[in-house]
Structures are given as structure tokens and as C-alpha cells.
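The values are calculated or read from the model by the stated rules, or taken from the named source; none is laboratory data. Note that this is a predicted model, so its numbers are computed, not measured. In this analysis, Cβ positions are derived from the backbone assuming ideal geometry, glycine residues included, and neighbour counts consider all displayed protein chains.
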């Protein structure tokens, strides 16, 4: 019998955490300036192996920075039409942690700001 994949299983399989800066970022920033923004804005070590997401002012571009064993990897996506629908961020928060499933939905065009998570039972670990 084949088990169906769940979003929770997908999120747990991701070893690295995903952080998104809440404020806009100049998309001309390269590796070093984005790494500095990780330290200053998100407050994390850019070489931690976590994935850091930055958005443009118009919301039609995303950059992701991650440390890959011996150097930085930079991923950049520009939408031809429309904008990315990003999650709501609490007032004053400089960053928000995303689940892998939420990032996948954002990249796939799903408006995660309108999603509502219902409370589910979780067994204490």
C-alpha cells in the first residue's frame, strides 16, 4: 500500500528552516549584500544552511539565498504578469518563518494570506 504524501510530511522532511524578510529588498543586491541583510534584518547566520527569501517592492520578484556546502546559491524568479501573494506579517516583525509547503504554494501562485489553518490535534513529543 502506498501512503499519500501530506503537507505536514513535506514540511518535516525539510531539514533547513525558511525565513522571509518582511520588508522589501532592492533586487540589485547580490550574494554579499543579501548575506548582510540576513544578519541585519532576519538575525540569522547566512551560512547556516537555512533558506532566506527576499521580495521586491512591486511583489513580482523573489530572491532566495542559501549556503550550499562551499558557497552561496542565489535563486531569482520574476513573474511576467501578476505578483506573489505573500503571507501576512505581524506588525513590527522583520521576518517570518515559512513552511516548505507555504513556499511551494507561493511559488505556485496560491494566495497564502487567505489560507486559514484549523487547529488539529498534536501529540506531545
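Looking at (1) at pLDDT 95 or above; (2) touching a strand residue (DSSP E or B) at 6+ places or on another chain (Cβ under 8 Å), find the lone condition where residue 45 falls short.
The one condition residue 45 does not meet is (2).
Out of the residues in segment 1-33 meeting the condition of being at pLDDT 90 or above and not in a loop (DSSP other than H, G, I, E, B), tell me which one is nearest to residue 92 (Cα to Cα). Step through it out loud before you land on a result.
Restricting attention to segment 1-33, the residues satisfying the condition of being at pLDDT 90 or above are 17-33.
Among the residues that remain, those that are also not in a loop (DSSP other than H, G, I, E, B) are: 18-21, 31-33.
Details: 18: 19, 19: 16, 20: 14, 21: 12, 31: 26, 32: 25, 33: 22 Å.
Ranking the qualifying residues of segment 1-33, first place goes to 21.
Filter segment 89-125 for residues that are modelled with pLDDT under 85 and surrounded by 10 or more Cβ atoms within 10 Å (Cβ to Cβ); which is nearest to residue 54 (Cα to Cα)?
Among those residues, the one meeting the criterion is 89.
Which residues, taken from segment 56-80, are at positive phi and within 15 Å of the chain's Cα centre (by Cα)?
Within segment 56-80, 59 is the sole residue that qualifies.
Name the residues in segment 39-55 that are within 14 Å of the chain's Cα centre (by Cα) and exposed (fewer than 14 other Cβ atoms within 10 Å of the Cβ), would you?
Answer for segment 39-55, where residues must be within 14 Å of the chain's Cα centre (by Cα) and exposed (fewer than 14 other Cβ atoms within 10 Å of the Cβ): just 49.
How many residues are at pLDDT 95 or above and surrounded by fewer than 17 Cβ atoms within 10 Å (Cβ to Cβ) when one looks only at segment 60-70?
Qualifying residue count, segment 60-70: 1.
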